[in-house]
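I have placed the structure first, in the form of structure tokens, so that the comments after it can refer back to it.
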Amino acid sequence: MPERNDPTQSNQTTRRDFLKTSAAGAASLGGLSLAQAAHAAGSDVIRVGMIGCGGRCSGAAAQILAAGPFVKLVAMYDIFEDRLRVSKAAIEDERPGQVAVDDDHCFTEFDGYEHVIASSDVVLIACASKFHPMYAEAAVEAGKHVFVEKPHGIDPVGVRRMMAACDLAREKGVSIVSGLQSRHHRGWQETISRIHDGAIGDIVSMQSMFLRGPYRTYERERELTETQYQFRNWYHFRWLSGDDVTQSLVHNVDRMSWVMGEELPTWCFGLGGRSSSFGEIYGDMFDHHSAVYEYASGARLHALCRTQVGCYNNGGDVIMGTKGVCHLSKCQIKGETNWKFEGEHNNPYQAEQQALIDSIREGVPLNSGSYMGNSTMVAVLGQLACYTGKPTTWDEVATSDIEFGPSPDESSFETEPPSEKDASGNYPLPFPGITKFT
């Protein structure tokens, strides 16, 4: 679970300068911030704004509204008006009486996020992932509570920016909650607690999988410019999404970081490419990745993700130890200890939103910064190792200035597209063994 106004308890994550950012600045605050004090009594309306109106942010909005009738949606922002309108109608249908968004609070210009932040007490951020750190930073600077979807940056520069926002949230006494919802899963909490207590002995190897078909794709609409099309189909363009290790496998990586007591890998090598997903709708991302991480303790994580049709699908994690094996998706341990979680399962997506609202009403800030940056940087490490085909160390990535495309502050519909399709209708891809990032 995210910690309430408290740094990470693990000393293992202090061995690198980057980790100092993720764990620092969490001293107790003597009083409530203005944002907390306004709702500490639990009787006032909590105003929520959305930055991004796709499926994930719309789902998060419905879930936070379910936390209580005193939570109201008051502002929405998306650079595509049709997506905003569809989202608004869907949320109104699911949570009638809790949507109070008039036309003046529906924003579609690139500065619309600023107006949402100004109108809200809590800001939900789930959009083209490139912008997550910038928007979170702006919301925290304004003293607003934040929910921000994964990934928490698509490159080293972005992840460090997000971690600075987490540190600032601690200073200001506002909550910042991660979309890495696994930490709120009741069954996984109990299972991983037993692993930490020695139920499977020392961890030797982990197998994590996010194997599925392609994520939602968009056909090109004739009236869109190249840059507008890439924003519409943002998941499939590296400069906006960071590719699939950072987008999807980050959930598994986060769970394995949790299993490992937040120990970080020392290095990684990876394999990746595209073998079956061709055409402009797939942008410039790989359709399969395999990243292998090694830890100082000797454990290895074998992390796999794939976005191809007609193939074997699996989203599970298997943790192998000296005394047994844990099948995390089943909340089950077999070996010297045989155990299975028999408690009531919960919806971790709902639980994270409830935790955010509770933190605001109780005046006790919730800050996910102790793990959200590290887990995302581990995913970025694997992604870069797959692109380059070279052994890549934690230190190299955590301290690098790699940034995909122009900075989010300089990105808009007027931005020259960093990637253009060729005569075959496909966009250029990285070449493992050849591609280098500086």
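The values are calculated or read from the model by the stated rules, or taken from the named source; none is laboratory data. All values derive from a computational prediction rather than experimental measurement. Backbone-built Cβ (ideal geometry, glycine too); neighbour counts: all protein chains shown.
Some values worked out for this structure:
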| quantity | calculated |
| --- | --- |
| Single match in Cys57, Cys106 (criterion: over 23 Å from the mean Cα position of the chain (by Cα), under 26 Å from Gln230 (Cβ atoms) and not polar (S, T, N, Q)) | Cys106 |
| Breaking point among (1) in the same structural domain as Ile46 (by TED's automatic domain parsing); (2) surrounded by 20 or more Cβ atoms within 10 Å (Cβ to Cβ); (3) small (Gly, Ala, Ser), for Gly321 | (1) |
| Filter result (modelled with pLDDT of 95 or more, within 22 Å of the chain's Cα centre (by Cα) and assigned to a loop (DSSP other than H, G, I, E, B)) within segment 380-411 | Thr399, Ser400, Asp401, Ile402, Glu403, Phe404, Pro406, Ser407, Ser411 |
| Residues satisfying the stated conditions in segment 383-393, i.e. touching a Pro at 6+ places or on another chain (Cβ under 9 Å) and surrounded by 24 or more Cβ atoms within 10 Å (Cβ to Cβ) | Leu384, Ala385, Cys386, Tyr387 |
| Every residue from segment 80-100 that is in contact (Cβ under 8 Å) with a residue 24 or more places away in the chain and in a helix (DSSP H, G or I) | Glu81, Arg83, Leu84, Val86, Ser87, Lys88, Ala90, Ile91, Glu94 |
| Residue match in segment 105-112 (condition: farther than 15 Å from Ala61 by Cα, at pLDDT 95 or above, outside any helix (DSSP H, G or I) and small (Gly, Ala, Ser)) | no |
| Top-ranked residue of segment 50-87 - restricted to ones that are farther than 13 Å from Glu109 by Cα and in contact with a Cys (Cβ under 6 Å, 6 or more places away or on another chain), ranked as surrounded by the most Cβ atoms within 10 Å (Cβ to Cβ) | Met50 |
| Filtered residue count, segment 110-148, keeping only those that are surrounded by fewer than 24 Cβ atoms within 10 Å (Cβ to Cβ), in contact with a helix residue (DSSP H, G or I) (Cβ under 8 Å, 6 or more places away or on another chain) and not hydroxyl-bearing (Ser, Thr, Tyr) | 12 |
| Residues of segment 411-433 classified as of a type in the set (Ser, Thr, Tyr), surrounded by 15 or more Cβ atoms within 10 Å (Cβ to Cβ) and farther than 24 Å from Gly112 by Cα, total | 2 |
| Verdict on Ser241 being among the small types (Gly, Ala, Ser) and within 21 Å of Cys127 (Cβ to Cβ) | yes |
